[in-house]
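The values are calculated or read from the model by the stated rules, or taken from the named source; none is laboratory data. Fair warning: this is a prediction, and the values are worked out from it, not measured in the lab. Methodologically, a virtual Cβ is constructed for each residue, glycine included, from the backbone with ideal geometry; neighbour enumeration extends over all protein chains shown.
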Amino acid sequence: MQELIQQSFTWQNGLVFFGWGVVFLFVVLGFVTYAIYFERKVIGWMQLRHGPTRVGPLGLLQTVADILKLLLKEDTIPKKADRALFILAPVLVYVPSFAVLATIPYTQSLGFADLNVGLLYYAALSSISTIGVVLGGWASNNKYSLLGGMRSAAQMISYEIPLVMSVVGVIMLNGSLSLRTIVGGQGNNFWEWNFLPQIIGFVIFMIAAVSELNRTPFDLPEAESELVAGYHVEYSGFRFAFFMLAEYVYVFAISALTTVLFLGGWHPPLAVLDFIPGLLWFVLKFSFCVFFLFWLRATMPRIRVDQLMSFGWKVLLPLAILNIFLTAAYIEIFNK
Amino acid sequence: MKGLLKGLGVTFKAMTSKKITYAYPDVPLQMPDRFRGIQHFDPDKCIVCNACARVCPTECITLTGKPNPDPDKKGKVIDTYDINFEICILCDLCTEVCPTEAIVMTNNFELATYSRDDLYKDRDWLNGNNSLIRQDNISMLPKGGAKKDV
Amino acid sequence: MIRTEELLLNVGPQHPSTHGVFRIVVKLDGEVITEATPVMGYLHRGTEKLAESLNYTQIIPYTDRMDYVSAMTNNYVLVHAVEKMMNIEVPERAEFLRLIVMELQRVASHLVWWGTYLLDIGAMSPFLYAFRDREIIIDLFNEISGARLTYNYMRVGGVKWDAPSGWIDKVRDFIPYMRKRMDEYDRLVSGNEIFLARIKGVGQYDADTAIAYGLSGANLRCTGVDWDLRKTEPYSLYDRFEFDVPLGQKGDCYDRYLIRLQEIHESLRILEQAVAQFPSGGDTMGKVPRVIRPPAGEVYARIESPRGEIGCYIISKGKAEPYRLKFRRPSFVNLQILPKLLVGETMTNLITILGGVDIVVGEVDC
Amino acid sequence: MSEDNQPTNREKPLLEPDQEPKGPAQAVEGELEASTDNTADDRNNVGESAANEQMEVKQSEMQEVGVKPTDDKGDAPADNAQEKAAEAEVQPVERKGDAPADSAQEKAAEAEAQPAEHKGEAPTEAAADKPARKPLTEEERAARAKAAAEAKAARATAAEGGTVGDSAAEPAAATRPARAPRAPKEEEPEQPKVPSPKQPVLDRLVEQLRADIAPDAVEASIINETDGHMPTVTIKAEHWYQTAQWLRHNPEWACDYLRNLSGVDQESYLAVVYHLISLKTRMEVAVHVKTDREQPSIASVTPIWPTADWNERETYDLFGIAFPGHPNLRRIMMSDDWVGHPLRKDYEQLDSEV
């Protein structure tokens, strides 16, 4: 993959890239399908029930059935809705979530693009989907979705900053924004990974990441019990599927990013275990992060809007700045 | 912070513990004996006293009798007996007042139908509904009085 | 100057957390509520009008459907009123069965409240845990009365059925099981900082407002007013068992939450003593005339249902049907404090406060 | 219901459900109707319904000596008289039709449908359907209609004539048409009524009210034994608001908890019953306030007890009693464009087959 990027851009190269892109799209869609299935199973087990078991063996085809259902469902657009924006919103939400995956290095060799501003690219693109969510909330001409849209705008913006600030510590340690060098900077033993020196950054990052995804402790935009379904209340059929797809692709993206930034990417936890291929370690750490998100969803109640804002601005942000200061002091003293 | 972690611990422990849901449509649900399901009607016992039709709060029982065919016996024999399950609330008052335990509850409760007409059950259907009949009946029949067994 | 306008929002009648067909028309300034007017009547079935043409035994199935989450206490209040009028003496065994069944119903009703309250606040799992434990109580009721929700179990002068063999032992085994579960609930939720932040200080009112608005049950006791009909106006056999009445101080959602959980513990204590003193013999039906015709007169019987004081005011003209039957429904009265509490709150708190007041719309609309 | 009842009631056209004989009121699960309706049972019914004095009257022992003329409401005794007369008159048929509806319209279709009292009082059809009874012929029905009409007239005159006290009126003597003599039950000598423990409380309240509010404020005051000796007071409508404030703020009573507020339709007048209690002093009182049927209006007590707000709206909605002084008196149960007040006895149902 690496040498392909260096070659000149010809028709033939373009087609190969496109091919790999489509393959990766199907990998991600496969992940999304079984992430939904896995989430429903895990939350089911945590609630002393079985989760989907009826469609296909052990319920494996449940999400496939869901997607088919959404495809076949009538795709209604409310009469007074703003048609153009209504149609644009899901696109604006889904495209960045898929584009963001380009910069994440999966193993030594496997990875799409190695931008030297990988992290900045990630942060920038992921905030575009906020616009999509607000657009969806406004365009569907429904009071509940408007409230949901406004909430999600407030939440995503106020948690974007602690998310990025918490990672500055890691960048200072490695001196570069490129994800590949960040992973490179982490050694084969787990104490050489970034999450131990950057423990504060790691905690803030996890909290801000959960809030970025609008997941449970912070799932205010689509709070089932208050706003019925938040911003995607008027969406049906495949447009609604786009919103779900975007949400789970972001779960993929955030978990991958956490693995890369803090849990040492494809490095094995103990040097002696490095005969196992890096991809397996990556997938293991990645699945732990995904499981942790589902685990939170089964347990946590929802936070209130004003508490969310005050927690974001008055707690996470100062902590992130403190973390940067400490890292700077650490680098200065041990002139790493 | 400690409360959050304890909460996570509880859900994690629940994840590995035994599940408590039962597969109802596949495995039929076993109801206790006294369960108030759809009534079972035994025409021979009925003496057409109209007690059940009168006591029914929603008046969903309609019955007609006819004079006894063979001349020596007096009294009436039941002719038609309909329960309208659209409005029957299965409150079990009819089986209480029936002096001859002609109408008794069973444990079947599947009443879903595709058309409302099927909810008008007539005498033969009620007589046919004779599976899982309730044994422990409270009715005016002296034998049927409240049994005391603890 | 930009012109801002208030958003008029209909919360309900079809809404995931209005606990039934109940609607609040809310004027929102941003997320802050400036005015809330509840609208009800969607579930009004005219029970009081129907009762005027039904005799007393036929009304009992209708009382099941008023507060469908605690049907036993509804049955009892009607039957208690009629017994008071005809001063019928209920045998010991029947009264014991009634008390056990009512206390079990209180535990079941509080479990439903606890599960749905957590669901309103956003946690999904507690609902399943609550219903797992309630299922055991529902099975007990199924065995003794024949139904899972609308029991129609009590009759004027006693109860319809005696406890089946082994039933009392099942109740005895349920008590320690439930206590273990209660600790699990506390670990899962009561310590959760997010949950505490969500309900502390929300929906606060003082004792005088509570009394002026005629609140009852946990909504009244959360302000420190010691008023539990089982203690202040003992009925049935409650004066034989010792239990205490949990009281709150601040009168906010958190106090109401703690009181209801503590009430489950108290009910378990009562059940323990009741099962221990359960008489071995005795019949289940007192001396009741075949035709129940209360002498002319009026009576207002009231008992402590899980939601507050449920009253049954009967005026009889000596006929077999009540001349006028009025139910004092705690949910209907407790709901009046809502508009006053909601002004200035956010949308999220609306759901928290509504869940805290614990209403059942079947009882609100009667 | 007799055995020749049409197979299904559904197709019978214009039959109003509450018109249709819903079966004798005694259909209680205990009632063994089949063929045991002997005269004993009948006497039992007559005896009990004779004990039909109003709750505000001094509660006599169970064995009612004779029908104490308790002119609760103008037509109640007459209603019973009519009942007796009708019963005596159609003794063989043993149908004790209830007081005919105001509009005693004849039901042609239903063979023996007694034009049941429209006020929802199901006809107390004492008769079990004897297997041998023949369906009523035309002229028999006409006879009954005539009897019903004439009894109604008697009742109407009794209503105007007697001083219509309310249910708590002092026992006003109202002449009752002689009833068919029946076997005199064994009379118990009426022991002197043991004064109820709450009597002094009640007397004190009444005299305080008379002193503080107005001499004629209290129309009647009795102790309601069946309800745990609850002191019951009837206050005149115009003095009610003052009395409510007095009850609320008087240190001795301080009734701060309005527990129950219920509207009652007593046929000749509407009443609202308030149950008050003081959480501190545990003093309890039940207050009746009467108002006429045409323009019913009682002062609203919402400013004193905010809990009365929705209760009064419900009473307004279901009875039509206006509450001047209420912050926003609107319907609460029925939809706003609903016509009529359902809980009134003379409420015409919109569609009969509902």
Notebook entry, point to check: Within the stretch C:8-22, can you find the residues that are surrounded by 15 or more Cβ atoms within 10 Å (Cβ to Cβ) and farther than 23 Å from residue C:115 by Cβ?
Noted result: C:9
Checklist line | Residue ID - nearest to the other protein chains (Cβ to nearest Cβ), chosen from residues in the stretch C:296-323 that are out of contact with any strand residue (DSSP E or B) (no Cβ under 7 Å at 6 or more places or on another chain) and surrounded by fewer than 24 Cβ atoms within 10 Å (Cβ to Cβ) | finding: C:318
Next item on the list: Would you mention how many residues in the stretch C:294-353 are outside any loop (DSSP other than H, G, I, E, B) and more than 28 Å from residue D:231 (Cα to Cα)?
Entry: 14
Next item on the list: Test residue D:241 against the criterion of being away from every other protein chain (no Cβ under 11 Å) and touching a residue at least 24 places away in the same chain (Cβ under 8 Å), and give yes or no.
Entry: yes
Notebook entry, point to check: Has the stretch C:213-226 got at least one residue that is closer than 25 Å to residue C:154 by Cβ, buried (at least 18 other Cβ atoms within 10 Å of the Cβ) and among the polar types (S, T, N, Q)?
Noted result: yes
Margin query: So residue B:21 ticks every box in (1) under 27 Å from residue B:131 (Cβ atoms); (2) buried (at least 16 other Cβ atoms within 10 Å of the Cβ); (3) facing another protein chain (nearest Cβ under 9 Å) but one. Which box is left unticked?
Written below: (2)
Check: Pick from B:35, B:41: which is within 9 Å of chain C (Cβ to nearest Cβ), modelled with pLDDT of 90 or more and under 30 Å from residue B:122 (Cβ atoms)?
Finding: B:35
Checklist line | Residue selected from the stretch D:224-238 under the condition within 15 Å of residue D:213 (Cβ to Cβ) and in a helix (DSSP H, G or I), by the criterion farthest from the other protein chains (Cβ to nearest Cβ) | finding: D:238
Check: Does residue C:88 qualify as being buried (at least 24 other Cβ atoms within 10 Å of the Cβ), among the β-branched types (Val, Ile, Thr) and more than 18 Å from residue C:68 (Cα to Cα)?
Finding: no
Next item on the list: Given the conditions (1) in a loop (DSSP other than H, G, I, E, B); (2) over 14 Å from the mean Cα position of the chain (by Cα); (3) surrounded by 15 or more Cβ atoms within 10 Å (Cβ to Cβ), report the number of the one that residue B:82 does not fulfil.
Entry: (1)
Note to self: Report every pair of residues separated by at least 6 positions or lying on different chains whose Cβ atoms are under 6 Å apart, first residue within the stretch C:255-277 and within 14 Å of residue C:230 (Cβ to Cβ), second part of a helix (DSSP H, G or I) and among the acidic types (Asp, Glu).
What the structure shows: C:267/C:103; C:270/C:103; C:271/C:103
Item checked: Yes/no for residue D:220 being surrounded by fewer than 20 Cβ atoms within 10 Å (Cβ to Cβ), among the small types (Gly, Ala, Ser) and within 21 Å of the chain's Cα centre (by Cα) -> yes
Check: How many residues are within 14 Å of another protein chain (Cβ to nearest Cβ), in contact (Cβ under 8 Å) with a residue 40 or more places away in the chain and part of a helix (DSSP H, G or I) if we restrict to the stretch A:205-224?
Finding: 7
Next item on the list: Consider residue A:44 carefully, then state whether it is more than 25 Å from residue A:145 (Cβ to Cβ) and touching a Ser or Thr at 6+ places or on another chain (Cβ under 6 Å).
Entry: no
Item checked: Hey, residue C:153 more than 8 Å from every other protein chain (Cβ to nearest Cβ) and either among the charged types (D, E, K, R) or out of contact with any Leu (no Cβ under 8 Å at 6 or more places or on another chain) (or both) or not -> yes
Notebook entry, point to check: For residues in the stretch A:60-99 being of a type in the set (D, E, K, R), touching a residue at least 12 places away in the same chain (Cβ under 8 Å) and in a loop (DSSP other than H, G, I, E, B), which is surrounded by the fewest Cβ atoms within 10 Å (Cβ to Cβ)?
Noted result: A:74
Next item on the list: Within the stretch C:28-67, track down each residue that is surrounded by fewer than 18 Cβ atoms within 10 Å (Cβ to Cβ), of a type outside the set (Asp, Glu), over 23 Å from residue D:348 (Cα atoms) and in contact (Cβ under 8 Å) with a residue 60 or more places away in the chain.
Entry: C:32, C:34, C:37
Item checked: Matching helices (runs of 4 or more DSSP H) fully within the stretch A:231-336 where at least 1 residues are within 14 Å of chain C (Cβ to nearest Cβ) and either closer than 25 Å to residue C:119 by Cα or at pLDDT below 90 (or both) -> A:278-299, A:305-311
Note to self: On the basis of being at pLDDT 85 or above, under 17 Å from the mean Cα position of the chain (by Cα) and within 20 Å of residue A:114 (Cβ to Cβ), does residue A:31 make the cut?
What the structure shows: no
Next item on the list: Please determine, by comparing only the residues of the stretch C:167-183 that are closer than 30 Å to residue A:303 by Cβ and surrounded by 15 or more Cβ atoms within 10 Å (Cβ to Cβ), which one is nearest to the other protein chains (Cβ to nearest Cβ).
Entry: C:181
Notebook entry, point to check: Mind checking whether some residue in the stretch D:250-259 is within 13 Å of chain C (Cβ to nearest Cβ), under 25 Å from the mean Cα position of the chain (by Cα) and farther than 19 Å from residue D:302 by Cα?
Noted result: no
Notebook entry, point to check: Which one of these is of a type in the set (Asp, Glu), surrounded by fewer than 19 Cβ atoms within 10 Å (Cβ to Cβ), without any contact (Cβ under 8 Å) to a residue 24 or more places away in the chain and in a loop (DSSP other than H, G, I, E, B): B:72, B:124?
Noted result: B:72
Notebook entry, point to check: Given the structure, is residue C:68 of a type in the set (Ser, Thr, Tyr), part of a loop (DSSP other than H, G, I, E, B), more than 14 Å from chain A (Cβ to nearest Cβ) and touching a helix residue (DSSP H, G or I) at 6+ places or on another chain (Cβ under 9 Å)?
Noted result: yes
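So that you can scan it fast, the table gives a plain yes or no per residue for (1) surrounded by fewer than 18 Cβ atoms within 10 Å (Cβ to Cβ); (2) in a helix (DSSP H, G or I); (3) touching a Phe, Trp or Tyr at 6+ places or on another chain (Cβ under 9 Å):
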site: A:27; (1), (2), (3): yes, yes, no
site: A:38; (1), (2), (3): yes, yes, yes
site: A:53; (1), (2), (3): yes, no, no
site: A:58; (1), (2), (3): yes, yes, no
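Rundown of residues vs (1) at pLDDT below 90; (2) assigned to a strand (DSSP E or B); (3) among the β-branched types (Val, Ile, Thr); (4) within 24 Å of the chain's Cα centre (by Cα), yes/no style:
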site	(1), (2), (3), (4)
D:299	no, no, no, yes
D:304	no, no, yes, no
D:318	no, no, no, yes
D:326	no, no, no, no
D:335	yes, no, no, no
D:340	yes, no, no, yes
D:351	yes, no, no, no
D:354	yes, no, yes, no
Next item on the list: Restrict the check to the stretch A:129-140 and report whether at least one residue is in contact with a strand residue (DSSP E or B) (Cβ under 9 Å, 6 or more places away or on another chain) and within 14 Å of another protein chain (Cβ to nearest Cβ).
Entry: no
